[in-house]
Amino acid sequence: MLKVIRESIGLTQESLAEQLMIDVTKIQGWESGRRPLMAVSVSNYLSLRHSLLRLGVGYRLLAELDNALEADRLIGYVLSVEPKKDDLQKHPLACWVITRPFTDLVAWPFTKTAPMPVAERIRSIGRRGPVSVAPFLPSDERAQFFERLKMAAELADVDKISGMLLRRQAHYVAAFDDGCDTAEWVAGMQRAEECRIARVRDWTPSWAVVRSGAHTMARLGDRTVLQHFIRTRLADDVCESANLNYWAYWLGEVGEQQPADTFMVEMRLNAWRGVTLLRHLIGKLYSENPYVDVVIHTLWALIMLRPSTLDLQAATELNQAAGRVLDEAVVSPQSQREITEIMYVLRVIDSN
């Protein structure tokens with residue numbers, strides 16, 4: 001992340017070191033990982049941050065640098081601490097509800113897909129030659145990272161809110177492994193969670209685990225699990241609100257970090273505006289998106305709840321995207337009905 005930031009302001013390692021009045025070997029060590037930036041003192045890190053701001057680095061990239069430190073901490077913790085049932089409450093994934101920016105940075109070394117703000121900056125830099133496109137972990141460390149996440153998910157206390165948070169998030173992050181055994185493990189975990197809540201219709205922390213697992217199954221190629229979740233687990237107002245609240249938090253419309261998944265049912269729906277959520281969902285409304293069914297359902301719920309989020313441009317873009325998806329007829333029957341209802345609402349708004 002620091003390398004992307006340096007390149008974004010057109011500085012070499014030597015020139016950045018000169019600006020910061022430090023030895024160039026420090027910059028080289030931070031960028032290569034030989035000297036973890038996380039190991040510097042808080043005072044020195046804040047000084048570095050202020051200097052980068054003075055040199056013209058934008059707020060979004062500085063925020064990504066903060067998230068990168070948090071991602072480093074998670075990866076370092078998982079690699080250095082073997083999961084033990086009595087110590088799992090200390091696990092970073094048991095302490096807070098992770099967000100999309102953080103998760104994208106954790107996934108970067110494994111998927112080789114840069115987070116959106118980073119990818120945009122890399123494209124604008126126009127790197128040349130054989131340069132690294134992602135942080136690097138040796139194959140043995142990659143394998144150990146995923147194995148220990150799976151262990152943590154399996155050992156998590158299902159009778160505690162923090163345990164279920166760890167179970168859900170370790171389950172989700174472990175699925176960034178592209179091995180076939182991980183896909184089988186994810187499917188088995190999902191079946192176990194669905195059995196756990198088979199006779200429960202109210203919201204519980206297990207509901208959040210099943211929701212997350214259904215998304216993971218869709219990303220791994222099985223959309224039917226997510227379609228089943230939408231049909232059976234988003235059928236009442238409480239769970240519908242929980243889904244909307246989670247989306248808003250995931251995308252940053254809820255500013256405060258949350259310590260547990262219970263915020264999904266405790267937070268009022270008027271705690272966030274919905275504009276960012278609407279824009280994101282419209283951008284994700286295409287047939288190839290493995291999450292397209294939940295995108296459609298969440299759009300439908302958001303528009304029924306808060307039609308005022310639709311301005312003229314958003315309505316036009318939504319109408320075009322919805323029409324394409326409906327014509328391609330690749331989504332579930334429920335999604336087709338919800339798209340039709342969305343388009344009807346758009347026509348009513350347009351006529352008024």
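Structure summary
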| read-out | value |
| --- | --- |
| Boolean, residue 169 is polar (S, T, N, Q) and closer than 14 Å to residue 93 by Cα | yes |
| The listed residue being within 20 Å of the chain's Cα centre (by Cα) and either surrounded by fewer than 19 Cβ atoms within 10 Å (Cβ to Cβ) or not in a loop (DSSP other than H, G, I, E, B) (or both), out of 152, 114 | 152 |
| Considering residues of segment 237-259 that are of a type in the set (A, V, I, L, M) and buried (at least 18 other Cβ atoms within 10 Å of the Cβ) only, the residue farthest from residue 168 (Cα to Cα) | 254 |
| Selection count where residues are farther than 20 Å from residue 294 by Cα and either aliphatic (A, V, I, L, M) or outside any helix (DSSP H, G or I) (or both), scope segment 262-281 | 4 |
| Residue, farthest from residue 227 (Cα to Cα), within segment 312-343, restricted to residues that are in a loop (DSSP other than H, G, I, E, B) and touching a residue at least 40 places away in the same chain (Cβ under 8 Å) | 330 |
| Residue that is surrounded by the most Cβ atoms within 10 Å (Cβ to Cβ) [pool: residues in segment 134-149 that are touching a helix residue (DSSP H, G or I) at 6+ places or on another chain (Cβ under 8 Å) and either part of a helix (DSSP H, G or I) or among the hydroxyl-bearing types (Ser, Thr, Tyr) (or both)] | 149 |
| Qualifying positions in segment 293-311 - outside any helix (DSSP H, G or I) and surrounded by fewer than 16 Cβ atoms within 10 Å (Cβ to Cβ) | 311 |
| Any chance residue 276 is within 27 Å of residue 324 (Cβ to Cβ) and polar (S, T, N, Q) | yes |
| Candidates 189, 164 - the one that is in contact with a helix residue (DSSP H, G or I) (Cβ under 7 Å, 6 or more places away or on another chain) and farther than 19 Å from residue 78 by Cα | 189 |
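This table checks each residue for (1) modelled with pLDDT under 95; (2) touching a Gly at 6+ places or on another chain (Cβ under 6 Å); (3) part of a helix (DSSP H, G or I).
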residue: 183; (1), (2), (3): yes, no, yes
residue: 201; (1), (2), (3): yes, no, no
residue: 242; (1), (2), (3): no, no, yes
residue: 246; (1), (2), (3): no, no, yes
residue: 260; (1), (2), (3): no, no, no
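Listed here are the residues, each with its yes/no results for (1) more than 23 Å from residue 62 (Cβ to Cβ); (2) assigned to a loop (DSSP other than H, G, I, E, B); (3) among the basic types (Lys, Arg).
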site	(1), (2), (3)
98	no, yes, no
106	no, no, no
121	no, no, yes
163	yes, no, no
166	yes, no, no
176	yes, yes, no
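The values are calculated or read from the model by the stated rules, or taken from the named source; none is laboratory data. Source: prediction; values computed, not measured. Note: ideal-geometry Cβ built from the backbone for every residue, glycine included; neighbour counts use all protein chains shown.
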